[in-house]
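The values are calculated or read from the model by the stated rules, or taken from the named source; none is laboratory data. These figures come from a predicted structure and were not determined experimentally. Here the Cβ positions follow ideal geometry from the backbone for every residue, glycine too, while neighbour counts run over all protein chains shown. Accessible surface is based on the protein model in full, side chains and every heavy atom, while ligands, DNA and RNA are left aside. Shrake-Rupley method; radii C 1.70, N 1.55, O 1.52, S 1.80 Å.
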Amino acid sequence: MKFTDFSDTIIALSTPAGRGAIALVRLSGKDAILHTQTFFRGKNLLEQKTHTVHFGTIRNLENEILDEVVVTIFKTPNSFTKENVVEISCHGSPFIVKRIIQNFLDNSPVRYAKAGEFTQRAFLNGRFDLAQAEAVADLIAVDSAASHKVAISQLRGGFSSQIKELRQQLLDFVSLIELELDFGEEDVEFAEREKLTQLVKTIQTVIEQLLSSFELGNAIKNGVPTVIAGKPNAGKSTLLNALLNEEKAIVSEIAGTTRDFIEDEISIEGIAFRFIDTAGLRQTDDKVESIGVERARKKMTEASLILYVIDLAELFNQNTNKKEFFEEIKEVEELNINTLFVLNKADFWDKINNNSEFSWFNDWIKNSNTIFTQANNTTDKEDIEKLKYKILEVIQADNFNAGDTLVTNTRHYESLRNANLALDDVLNALEMGFTGDLLSLDLRTALEHLGSITGEVSNDEILGNIFGKFCIGK
Ligand code: GDP
């Protein structure tokens, strides 16, 4: 593979800004070692082997010592960027780091790296494909065991190889079809239409699996926005506390105390759930609270998962309007969001279960996604544990395992979707017996979308979008 010959050498701080024991300043480019040598006093770096570490000082042109450092050199092509790379480990003072970098910028042809430029060079030099480059960013951002697993698997090639293989098979067909076109008027058919139909269908099956993995993939990467909703006093705060295992929300006996949103995160089997505790959907005359109700509804429609807490004590209460009680449940169901109905205050269940007056409620339970809890029971936490697993079940994460291929990236999702649509067109064209030139057009569109995932097809705009989101120094 030919490396992109970037004539300039870039520099940036690669460790986080701020004070630390050590900071790492990285240079990459054809002349990275040469330019470092200008300011380095110690061994002659130009004569050293790759992957070697050298102690010395970095000095400015006035021979003033900026710092004592340890320099590691990586020679092309055995480095992260495949270019010559120098890593300068200096003392972790922002002042020292600034002086070292400034010295390079002022007194040598080294320039400051753009966001993500090290990784972009690695991609352009063929160290990895685009999806893997994106996994580098994901890996830096991971904050849960599950997102870690997914990012590592993506970095190691994840579904890149799967996409590349499918794309290659399609490419072979396109070549055959385009060969037919070269024969012009002659009625030749190198590409067997039957086989092509089969291949397209197989590819679509794989793509559809990947597409359907996105909901979970995205949940793992970004956390699952989960709303706990329900009428005032249903036990939302108590339930949230039980889930969080600490006293975050304020538990109160006065209906409607949870007016605002309390956001907290818990990790179930390594997947982060961002819990938002809201006011209920109850209609109210209280001004402050009715604003809360409106916001609760909005939060609920934006959520990936709703835990709707139903108060069994309220249901049992003679003064409760049962019709309204049920209407509120129906209203939640109509939102069409993944919902788990939490039947709280299960200590009241016996009274309801044995009462024929509530048979309609029993019927509803049988056909709905429900779980019983007694949130205020601090001695027996079994129902809370069950609730956690039920939550995983609702977002279909209960059978997620490390080897699964998951799409976690919105860009990949879009490309897969577009490829799938183009393949629909291919199938249509095949069915209608369209000519090779039209067929090849649709196939090329599908190829382009598949290729954009791994970067076999890319342009400056795509690259700018991806690497611009990286931090400088990565
Ligand atoms: P919220 O307004 O929905 O957040 O409700 P809270 O969590 O503040 O709870 C209201 C009241 O119900 C509190 O006094 C809780 O102790 C009580 N509570 C919560 N869960 C249960 C339960 O399972 N059984 C009973 N009997 N009371 C509960």
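Taken residue by residue, the range 342-356 has at least one member that is open to solvent by 70 Å² or more (accessible area, probe 1.4 Å), away from the ligand (no atom under 15 Å from the Cβ) and more than 26 Å from LEU243 (Cβ to Cβ).
Remark: ILE254 falls outside the filter, which requires a residue to be outside any helix (DSSP H, G or I), away from the ligand (no atom under 16 Å from the Cβ), modelled with pLDDT under 85 and of a type in the set (A, V, I, L, M).
Kindly evaluate LEU343 against the criterion of being more than 21 Å from ILE395 (Cβ to Cβ) and of a type in the set (A, V, I, L, M). Quick ask: steps written out before the conclusion?
Working: more than 21 Å from ILE395 (Cβ to Cβ): no; of a type in the set (A, V, I, L, M): yes.
No; evaluated as a whole, the condition is false for this residue.
The condition (being small (Gly, Ala, Ser), closer than 30 Å to LEU196 by Cβ and within 32 Å of the chain's Cα centre (by Cα)) is satisfied by just one residue among SER160, SER144: SER160.
Of all the residues in the range 449-463, those that are under 19 Å from the mean Cα position of the chain (by Cα) and more than 15 Å from LEU171 (Cβ to Cβ) number 3.
Listed by position, the strands (runs of 3 or more DSSP E) inside the range 1-115 whose residues that are touching a residue at least 40 places away in the same chain (Cβ under 8 Å), out of contact with any Leu (no Cβ under 8 Å at 6 or more places or on another chain) and closer than 30 Å to GLY126 by Cα number at least 2 are 22-28.
Table: residues versus (1) open to solvent by less than 60 Å² (accessible area, probe 1.4 Å); (2) in a helix (DSSP H, G or I); (3) touching a residue at least 60 places away in the same chain (Cβ under 8 Å).
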| position | (1), (2), (3) |
| --- | --- |
| PHE434 | no, no, no |
| LEU439 | yes, yes, yes |
| LEU443 | yes, yes, yes |
| GLU448 | no, yes, no |
| ILE453 | yes, yes, yes |
| VAL457 | yes, no, no |
| ILE466 | yes, yes, yes |
| PHE470 | yes, no, yes |
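Annotation note: of SER89, SER28, SER93, SER14, the sole residue that is of a type outside the set (A, V, I, L, M, F, W, C), under 26 Å from GLY116 (Cα atoms) and open to solvent by less than 10 Å² (accessible area, probe 1.4 Å) is SER28.
Residue by residue, here is whether (1) assigned to a strand (DSSP E or B); (2) hydrophobic (A, V, I, L, M, F, W, C); (3) over 29 Å from the mean Cα position of the chain (by Cα); (4) buried (at least 16 other Cβ atoms within 10 Å of the Cβ) holds:
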{"residue": "PHE358", "(1), (2), (3), (4)": "no, yes, yes, yes"}
{"residue": "ALA375", "(1), (2), (3), (4)": "no, yes, yes, yes"}
{"residue": "THR379", "(1), (2), (3), (4)": "no, no, yes, no"}
{"residue": "LEU387", "(1), (2), (3), (4)": "no, yes, no, yes"}
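So that you can scan it fast, the table gives a plain yes or no per residue for (1) at pLDDT below 95; (2) in contact with a Lys or Arg (Cβ under 9 Å, 6 or more places away or on another chain); (3) not aliphatic (A, V, I, L, M):
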{"position": "SER7", "(1), (2), (3)": "yes, yes, yes"}
{"position": "PRO16", "(1), (2), (3)": "yes, no, yes"}
{"position": "ARG41", "(1), (2), (3)": "no, yes, yes"}
{"position": "ASN44", "(1), (2), (3)": "no, no, yes"}
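Only a single criterion out of (1) surrounded by fewer than 18 Cβ atoms within 10 Å (Cβ to Cβ); (2) more than 15 Å from the ligand (Cβ to nearest atom); (3) at pLDDT 85 or above is not satisfied by ASN317, namely (2).
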